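First comes the structure, then the notes that go with it.
Just so it is clear, none of the values below were taken in a lab; they were calculated from the coordinates. Predicted model, so just to flag it, every value in this text is computed and none were measured. Every residue, glycine among them, receives a Cβ derived from its backbone with ideal geometry; neighbour counts consider all protein chains shown.
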Amino acid sequence: MKKTIAILAGDGIGPEIINATLVVLERINKCFGHEIIPHVGLVGGDAYDKFGTHLPDETIELCQNSSAILFGAVGGSVNDSNNPRYKNVEKNVILGLRKKFDLFANLRPLKVMPVAIKKSPLKSNIIAGVDVLIVRELVSGIYFGPQRQYESVDGRVAEDTNRYSEMEIERILRVGFESAVRRRKKVTIVDKANVLETSRLWRAVTEIIKKEFSDVSVEYMYIDNAVMQLVSNPTGFDVIITDNMFGDIMSDLGGAVVGSIGLLPSASLNKQGFGMYEPVHGSAPDIAKKNIANPTAQILSLAMMLRYTFRLESEARVIEKAIVDAWIMGKKTKDLTSAGEPWVGTKEFAEVVSSLIDN
């Protein structure tokens, strides 16, 4: 296979974990005879320095000419929120790419790895065996609806509009139901239908779509109950389908459930199968350039790219197994170790994983 992918490392630990992941990609190319060629583009702070914008046209063009995007992270520290180099960078870059390429389907697997069980704040008997897929609608809802602030007799007023069309709901439901068919055939729709009109439309459309998937069981759950269930009975979920805001909340909570947000990859796909693959965590500027960041989520994002965009299931599984084998050998990054326990750096972990990959 010969393909081109866009590499957008971004800010903070982004360049480190991307470089580590490219070591693994190089090994995959060598062992399986592929030519998946990375081409680097600028986003975030470096793009602003060179082009005066966080998401330059040159980068968009690179993405348009690629088969997929492997994305690192963008953003500075809390103190950088008003610095033009980082101000609104997440919105400009991440939301910009999602909207530009209509990346409406966000897949976020939550799978408990044995190496991280002790890192979870939950008891091991609660989280053992957790394997959940969150399917989040990504280009509509309250994050993309009309927003405004204005003055009134009561002072300043802010408005954010939560809007969904039937088409937008239907297409994300299909992604979720089709995923459930390949898993344990259970779907949970997370909403707030007792309050929100958009949630009531979600339920109405679900009632239509579920007739096409008679072997998939469907349950509805309010967001407040869903987050409680995710920490008290996470094995009760298989596929969660939800809107943009609720999906944001649940997937971040999932990072705590599995023990480390540094283990969570994601895929954002459009109808044609083009995707952006990125770790769920942020740019973590406080640990940048220290060779201590955990590249696991970034490497797993590469595995998701191979699986979903290139349909290379064997290669994806080889990467996932190599990561687990590295942990079994005792090769863990600092965030997964206890005080006094030996650990390896970002680069070293990737090299170990790479060495364990074979056809």
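The figures follow:
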quantity: Prolate/oblate/rounded label for region 121-258 (Cα gyration tensor, a/c 1.5); calculated: oblate
quantity: Region 273-350: trypsin sites (Lys or Arg not before Pro) falling in loop per DSSP and having at most 14 other Cβ within 10 Å; calculated: K289, K290, R311
quantity: Lys pairs, region 121-258 - Cα-Cα below 24 angstrom, 8 or more residues apart or on other chains; calculated: 6
quantity: Listed residue (G247, I134, G96) projecting farthest to the positive dipole end of the chain, Cβ model; calculated: I134
quantity: Gain on full stretching of the segment that runs from C31 to A256 - 0.36 nm per residue minus C-alpha separation; calculated: 77.5 nm
quantity: Charged-residue dipole, Cβ positions (Lys, Arg, Asp, Glu), the chain about Cα centre, Debye nearest 20; calculated: 760 debye
quantity: Per-residue HN-Hα couplings for region 129-136 [Karplus 6.51, -1.76, 1.60; θ = phi - 60°; Hz; x = Gly/Pro]; calculated: x, 5, 8, 10, 10, 8, 10, 10
quantity: Anchor K289: lysines whose Cα lies under 17 Å away (excluding residues fewer than 8 positions away in-chain); calculated: K334, K347
quantity: Pairwise FRET efficiency - K99 versus Y150, Cβ, R0 = 25 Å, nearest 0.05; calculated: 0.50
quantity: Aspartates and glutamates with Cα under 15 Å of K111, excluding same-chain neighbours fewer than 8 positions away; calculated: D131, D238, D252, E320
quantity: Euclidean distance of C-alpha centroids, region 171-243 and region 303-331, integer Å; calculated: 28 Å
quantity: For the chain, share of DSSP beta bridges that run antiparallel, in % to the nearest 5; calculated: 45 percent
quantity: Antiparallel bridges, percent of DSSP beta bridges restricted to region 1-143 (to nearest 5); calculated: 35 percent
quantity: Beta bridge orientation in region 121-258: antiparallel %, DSSP, nearest 5; calculated: 30 percent
quantity: Rounded to the nearest 20 debye, dipole of region 155-247 from Cβ charges on Lys, Arg, Asp, Glu; calculated: 280 debye
quantity: Order of D248, D224, D325 - criterion: other Cβ atoms within 10 Å of each residue's Cβ, fewest first; calculated: D224, D325, D248
quantity: Inter-part distance where region 1-31 and region 76-127 are each reduced to a Cα centre, Å; calculated: 19 Å
